[in-house]
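The values are calculated or read from the model by the stated rules, or taken from the named source; none is laboratory data. None of these values were measured; they are calculated from a predicted model. Glycine gets a Cβ as well: all are built from the backbone with ideal geometry, and neighbour counts include every protein chain shown.
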Amino acid sequence: MLVFRTLVLLILSFNCFAAVEYRKFSDPQQEQSYKTLIAEIRCLVCQNQTIADSNADLAKDLRRQVYEMLQEGKSQVEIADFMTDRYGDFVLYNPPFKAKTGLLWLGPVVFLLIGLLTLILYSRKKRRDNGLDSNVVDKEKQVKVKALLEEGEQL
């Protein structure tokens with residue numbers, strides 16, 4: 001059992017050998033721009049992580065490219081425009097509102113409204129149907145009761 005436990009711990013400890021990227025910046029503003037950009041750009045391989053969080057090779061290349069562009073003196077807007085020109089609006093976590101991305105922004109709201117409208121209409125129909133059914137049953141019972149009372153009076 002001790003051997004098994006040791007093997008499991010050794011296998012799980014290989015994460016500690018993962019490389020940490022270190023970038024040297026000339027000023028804190030440039031470093032802050034770098035951190036902001038890599039947190040706003042989506043990894044195209046992982047698709048649910050930023051390039052800051054991803055260890056995919058493409059994410060590493062994109063981080064390197066962002067760093068090099070910042071070293072060349074390009075602004076955050078220029079770098080973001082370059083990335084969207086190259087990879088499309090999907091590369092940004094917060095894509096701009098355009099005709100192409102309108103469905104991304106408005107889709108959830110539209111589906112929520114359709115769901116609420118369906119729920120309201122269904123509940124109203126169900127309530128109305130239950131009310132009509134009980135009235136029909138009550139009328140049928142009333143007719144039967146009247147018929148039985150009339151029979152009882154005739155006897």
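For the stretch 106-129, state whether one or more residues are aliphatic (A, V, I, L, M), at pLDDT 80 or above, touching a helix residue (DSSP H, G or I) at 6+ places or on another chain (Cβ under 7 Å) and under 30 Å from Cys43 (Cβ atoms).
The answer is no; no qualifying residue exists.
For Ala19, the criteria (1) in a loop (DSSP other than H, G, I, E, B); (2) at pLDDT 85 or above hold in every case but one, which is (2).
Return yes when Ser33 is of a type outside the set (Val, Ile, Thr), without any contact (Cβ under 8 Å) to a residue 12 or more places away in the chain and within 23 Å of Gln71 (Cβ to Cβ) and no when it is not.
On the way: of a type outside the set (Val, Ile, Thr): yes; without any contact (Cβ under 8 Å) to a residue 12 or more places away in the chain: no; within 23 Å of Gln71 (Cβ to Cβ): yes.
Taking the combined requirement at face value, the residue does not satisfy it.
Here's the yes/no breakdown for (1) in contact with a strand residue (DSSP E or B) (Cβ under 7 Å, 6 or more places away or on another chain); (2) of a type in the set (Ser, Thr, Tyr); (3) assigned by TED's automatic domain parsing to the domain that holds Glu40:
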position: Asp81; (1), (2), (3): no, no, yes
position: Tyr87; (1), (2), (3): no, yes, yes
position: Val91; (1), (2), (3): yes, no, yes
position: Gly102; (1), (2), (3): no, no, no
position: Pro108; (1), (2), (3): no, no, no
position: Gly115; (1), (2), (3): no, no, no
position: Ile120; (1), (2), (3): no, no, no
position: Ser123; (1), (2), (3): no, yes, no
position: Arg127; (1), (2), (3): no, no, no
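Select, from Asp89, Asp81, the only residue that is among the acidic types (Asp, Glu) and in contact with a Ser or Thr (Cβ under 8 Å, 6 or more places away or on another chain). Let's see the steps before the verdict.
Values: Asp81 fails: in contact with a Ser or Thr (Cβ under 8 Å, 6 or more places away or on another chain).
That would be Asp89, the only listed residue that is among the acidic types (Asp, Glu) and in contact with a Ser or Thr (Cβ under 8 Å, 6 or more places away or on another chain).
For the stretch 90-105, filtering for residues that are out of contact with any helix residue (DSSP H, G or I) (no Cβ under 8 Å at 6 or more places or on another chain) and either under 21 Å from Thr50 (Cβ atoms) or among the charged types (D, E, K, R) (or both) leaves 3.
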